Amino acid sequence: MTREIEDVIRAAQSRRAEQAPSAERIRAGLPRRAAKVRNQRRYGLAGAVVAAAAVTAAAVVPSLALGDRTPPAVVQPAGPAGSPSGPAKSAAPATSAAPQRSLEVALGFRPHWVPSGFREHLRHVMLGADDGADPTLLRVWKTGVPDAADPTKGGGLSLSVSTGVEDPANIQDTSGERVDINGAPGFLSGARDGKSSVSWSPGEGTVLSIDASRVRISESDLLKMARSVRPDTGVATNPVRLTWLPDGWVSQAALVGGRSAAGWHSEILAGTPMTGVSSDVQGKEAKEGKVSTGGDVNITVGTTSLAPAGGTILTVNGWRARNPVRTDLPGQSLTYLVVELGGGRLMTLVSQGTTLDGLKRIAEGAEIEPSGLEWIGR
């Protein structure tokens with residue numbers, strides 16, 4: 001993930017973190033998660049969802065709304081290329097101890113005006129810290145996607161939507177100039193290192209912000225875009241739905257985007273939620289056998305894979321798959337599984353904290369329904 005969009009996501013999550021309960025205890029647990037994510041990104045784990053969940057996992061570590069929930073039922077991946085038509089033999093319904101929370105999230109708001117040439121290419125959902133917390137949604141408009149395999153690359157204009165905020169005034173960036181956004185007080189921050197933003201609260205525990213990162217936009221156009229924002233009754237979905245995760249794991253964040261609906265790219269981050277205790281305490285308790293150190297999995301469905309080449313050949317749900325193994329010291333802690341879904345599309349799972357059998361079960365329970373993606377590139 002490139003620095004531009006990562007900075008935007010960091011800002012959105014930082015604002016959300018301010019409303020998290022017991023913030024001191026939760027933040028104390030961040031070093032373990034952040035260190036883990038740094039290693040994952042450094043040694044090949046897809047970065048977009050991972051980076052977002054690491055920054056302020058305190059407030060947004062949690063499950064998202066996922067997949068298209070509308071009838072007909074979500075479609076299981078079909079059989080391997082060259083096989084008879086019809087779905088592949090699927091595993092028995094897989095369920096984890098706790099049902100996975102939906103990644104389906106209300107859009108809430110949208111701008112009715114964006115500068116010429118900008119189109120929506122990315123939606124990123126960051127879940128609340130518990131079942132009762134509202135997610136944060138980030139929608140990104142770009143002039144193009146330089147890398148079809150990673151829609152997070154390149155600058156853009158983003159709209160961040162945070163709801164259920166106890167005190168909106170406390171999480172707004174008040175360092176800028178005071179402005180009026182359709183009767184609501186807002187704050188405009190001028191260009192700093194190629195970035196500018198405007199944030200405001202339209203009321204009812206909602207905080208909105210528009211951030212410009214590595215794109216040329218005047219302050220007047222930034223305000224025009226902000227003042228064009230109106231309620232949106234649509235729903236953000238993800239074409240990938242997980243039906244099974246290891247006990248205690250939850251979906252934490254997800255994104256979907258691309259150059260067009262036909263070339264969509266999806267990522268989901270799931271794992272053990274933050275415990276709210278320091279990494280030193282966790283390490284001591286783990287050595288004493290009192291707690292599990294947890295784990296994470298990143299599931300990417302796209303046209304390319306960041307996994308190493310080669311590996312043992314397997315069959316997962318009727319599909320050809322492989323299990324690359326890294327022999328370098330950092331890579332020894334990562335487990336890879338790459339499943340060939342046909343049509344040039346791959347599912348890549350990379351994990352710390354579960355076995356190959358665990359990854360196979362996650363993949364076998366994954367359901368894919370690439371509908372509702374017409375917004376990409378529009």
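Among residues of region 351-375 that are farther than 17 Å from A321 by Cα, those with a Cβ under 7 angstrom from a residue that is of a type in the set (D, E) and not in a strand (DSSP E or B), sequence gap 6+ or separate chain, pair up as E369/D68; S371/D68; G372/D68.
Filtering region 326-363 to residues that are at positive phi and either open to solvent by 60 Å² or more (accessible area, probe 1.4 Å) or in contact with a Phe, Trp or Tyr (Cβ under 8 Å, 6 or more places away or on another chain) (or both) leaves G342, G343. Among strands (runs of 3 or more DSSP E) entirely within region 113-209, having at least 1 residues that are closer than 27 Å to T272 by Cα singles out 119-126, 136-142, 156-162. Modelled with pLDDT under 90 and closer than 18 Å to E374 by Cα: is that true of A148 in this structure? Considered against the rule, which asks whether it is modelled with pLDDT under 90 and closer than 18 Å to E374 by Cα, A148 comes out as yes.
From the list L373, L306, L334, L349, pick out the single residue that is more than 19 Å from the chain's Cα centre (by Cα) and closer than 20 Å to L242 by Cβ. The conditions single out L334.
Yes/no per residue for (1) touching a strand residue (DSSP E or B) at 6+ places or on another chain (Cβ under 7 Å); (2) open to solvent by 30 Å² or more (accessible area, probe 1.4 Å):
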| position | (1), (2) |
| --- | --- |
| P115 | no, no |
| H124 | yes, no |
| P146 | no, yes |
| L157 | yes, no |
| S201 | yes, no |
| R214 | no, yes |
| K224 | no, yes |
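In the set (1) outside the structural domain of K360 (by TED's automatic domain parsing); (2) buried (at least 21 other Cβ atoms within 10 Å of the Cβ), the condition left unmet by G257 is number (1).
The values are calculated or read from the model by the stated rules, or taken from the named source; none is laboratory data. Keep in mind the model is a prediction, meaning the values are calculated, not measured. Ideal geometry is used to build each Cβ from the backbone, glycine not excepted, and the neighbour counts take in all protein chains shown. Just so you know, the surface numbers come from the protein's heavy atoms only, side chains and all, with ligands and any DNA or RNA stripped out. Shrake-Rupley method; radii C 1.70, N 1.55, O 1.52, S 1.80 Å.
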